[in-house]
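Derivation of every value follows stated rules applied to the coordinates shown; laboratory data play no part. Quick caveat: nothing in here was measured; it's all calculated off a predicted structure. Quick reminder, even Gly has a Cβ in these numbers, built from the backbone with ideal geometry, and neighbours come from all protein chains shown.
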Amino acid sequence: MNFTNKTTTLLISIAVAHVVSPASAAGPTTVRTPNNLKNAVVLYDSAKAPAVPNRVAVQSIPNSKMPADTICNVESRVAYGDPAPHTGGGTLGTIAPFFDTTINSSGNVAFGSTVVGSDRNQGFFISNSDGTVNAVAIGCGDFGGGGDTTSVCGDPSPIGGKISGLFFYTPSINNAGDVVFISDVNGGSARRALFVFHAATRTLEKVAAPGDPSPIGGVFDSVSPGVISNSGKVFFLALPTPGSFDSDLFMWENGVVTKVAATGDPAPGGGTYSIIGSQSVGYVDGTSMPIGPLPDINDSDVITFRAIVSGGITDRGIIVRTNGVDQWYVKVPDPTPAGGTYLSMEAPSINNAGQVSFFADYHPTPDTFNSGWFAGAPGNWRKVLIFGDSVDGGEVLGLAISNNPEHEIDAAGNVFVWANLDSNGTEDRLLYSLTDGSLLVVARNGDPTPLGGTFNGMSPWPTIDKENGGIFGAYTPGAQGGVLNAYFTFEHCADAITLQARVKGQGTNHNVQLKWSPADGGRVSLIRNGSAIGNTTDDGRVTDKLGTQTGSFTYKICETDSGDCSNEVTVTIP
């Protein structure tokens with residue numbers, strides 16, 4: 001990817017299992033390459049209320065121009081330079097592709113951004129599906145962990161004082177529009193806290209803060225970013241004591257915090273959990289924060305998380321908890337659908353069917369190593385994408401580890417992932433991996449964007465809404481109005497009817513063979529040059545006998561029961 005901008009650059013790294021590294025207020029940004037982990041560079045431009053319209057109107061690419069015929073409605077959502085509400089005239093700074101987002105079933109998007117042209121220079125926002133933007137919370141001064149203890153121009157905090165530096169870990173949004181985020185606070189009862197924004201009342205409430213009593217005894221030394229479920233439960237990690245690197249998992253609901261899983265709890269099949277949260281980041285103010293792996297939860301309150309175990313039937317794997325009972329969904333050294341056995345796993349996402357997606361390292365043979373994405377459920381696992389796969393004319397050389405709250409698996413079990421196809425990071429692809437093994441290209445470097453210009457570097461952590469669409473961030477060189485980067489939404493039009501046509505000649509007589517999918521029985525109308533010429537069984541094929549007619553003929557088919565129609569396809573007979 002091309003990391004170019006006229007701003008301060010901050011280097012970010014993930015601390016995995018007992019390593020704490022200095023970092024900026026954004027993250028995590030670990031991108032896996034075949035040979036190593038590399039740090040990404042996070043770019044800040046500088047530097048919040050009623051909803052305001054986007055400066056650049058929502059625009060879309062016509063479906064016929066999309067690189068895959070079942071990816072549709074790619075639209076710009078919010079962009080660099082748009083007004084930043086509740087900031088006194090500021091505008092959104094660099095928002096993508098390094099400030100990642102989450103999206104709910106209504107198409108509302110939670111995101112963080114720097115703010116240009118205001119002392120209130122940072123915020124979390126919601127981009128609504130109607131094209132407006134609302135402020136969630138506005139901070140000021142240094143970013144989270146920067147050591148600023150004097151700035152008081154941010155929003156009032158529920159724990160007293162003012163919100164100051166924000167941590168641009170991805171905010172989590174649920175279907176009600178509630179958003180969870182973490183920030184520093186100046187002048188409050190705690191220096192830092194995890195908050196929930198209640199969309200219905202437009203109020204903030206504290207979830208947890210350092211110094212709060214822990215349900216397993218003692219107090220929290222530090223708390224992580226959070227994940228919010230559609231039922232309003234917030235899940236987060238917390239470190240129990242100063243200097244500890246292994247965090248436990250907790251849940252907040254209506255002001256009450258309970259334990260989900262902690263070091264020493266029994267693991268299924270024997271042994272005990274030894275590590276739940278293994279990733280921590282240190283900051284220039286001397287503090288540290290657990291950041292993952294965070295859990296995920298579906299609408300049936302089924303929870304999934306990665307766990308490391310001592311003395312059990314495995315040393316690590318993915319747990320799914322249903323009605324309070326933990327189950328190993330997949331564990332080391334289970335066989336992988338790509339061959340070989342699992343070595344380790346990252347954060348899992350779960351859909352309402354109980355299917356999970358996750359990134360994992362594995363041994364193709366006892367002496368070799370590879371990594372990639374996998375999805376499914378016990379008894380029905382599949383490979384999503386691994387290093388070395390052939391994709392869109394290239395080879396997968398870069399993948400991002402799975403990371404919550406960025407959700408990757410939709411209701412049908414399809415998975416949305418980022419990949420890079422060259423060694424210098426300039427050939428990004430965003431891919432929709434379908435359960436039948438096929439891959440759809442959502443966007444690629446060099447494709448036109450809805451704002452003009454082209455995509456040139458995309459977020460390694462795109463997100464889907466658990467149904468059939470998603471959002472991603474990208475740089476947009478050449479876009480109208482000087483837009484440098486933006487967020488884009490899309491839909492997976494899985495039910496779109498795809499029509500193909502082929503001309504077959506028999507002497508001077510011509511037949512047009514039409515094929516379409518999906519074909520689900522019932523009847524379809526055959527339309528030629530705008531007029532219905534008959535109907536036939538919806539079995540995926542029909543032949544139009546034109547005889548000696550010549551010219552151009554445009555076809556589509558429409559289901560008689562639903563009214564759904566295919567794309568149009570034109571053939572020319574000279």
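Numbers below:
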item	result
Net charge of neighbours whose Cβ lies under 13 Å from the Cβ of residue 320, counting Lys and Arg as +1 and Asp and Glu as -1	0
Percent RCO, i.e. relative contact order, over segment 498-573, from Cα pairs under 8 Å lying at least 6 residues apart	33
Sorted by Cβ neighbour density within 10 Å, fewest at the top, the residues 198, 510	198, 510
Residue-count net charge about residue 422 - beta-carbon cut-off 13 Å; Lys, Arg +1, Asp, Glu -1	-2
Debye-sum result for segment 498-573 in log10 I(q)/I(0), which assumes one identical scatterer on each alpha carbon, at q = 0.14 Å⁻¹	-0.40
Longest to shortest principal axis, alpha-carbon extents of the chain, angstrom	87, 58, 43
Exceeding the 20 Å Cα-Cα cut-off - candidates 233/331; 259/331; 206/233; 331/383; 206/259	233/331; 259/331
Residue-by-residue Karplus 3J(HN,Hα) for segment 100-116, coefficients 6.51, -1.76, 1.60, Hz, glycine and proline x	7, 10, 10, 9, 9, 5, 8, x, 7, 10, 9, 8, x, 7, 6, 10, 9
Spatially close lysines, pair count over segment 457-574: Cα under 28 Å, gap of eight or more or interchain	6
Burial order of peptide ranges 513-526, 119-132, 389-402, 88-101 (average beta-carbon count within 10 Å, highest first)	88-101, 119-132, 389-402, 513-526
For residue 102, distant residues with modelled amide H under 5 Å away	110
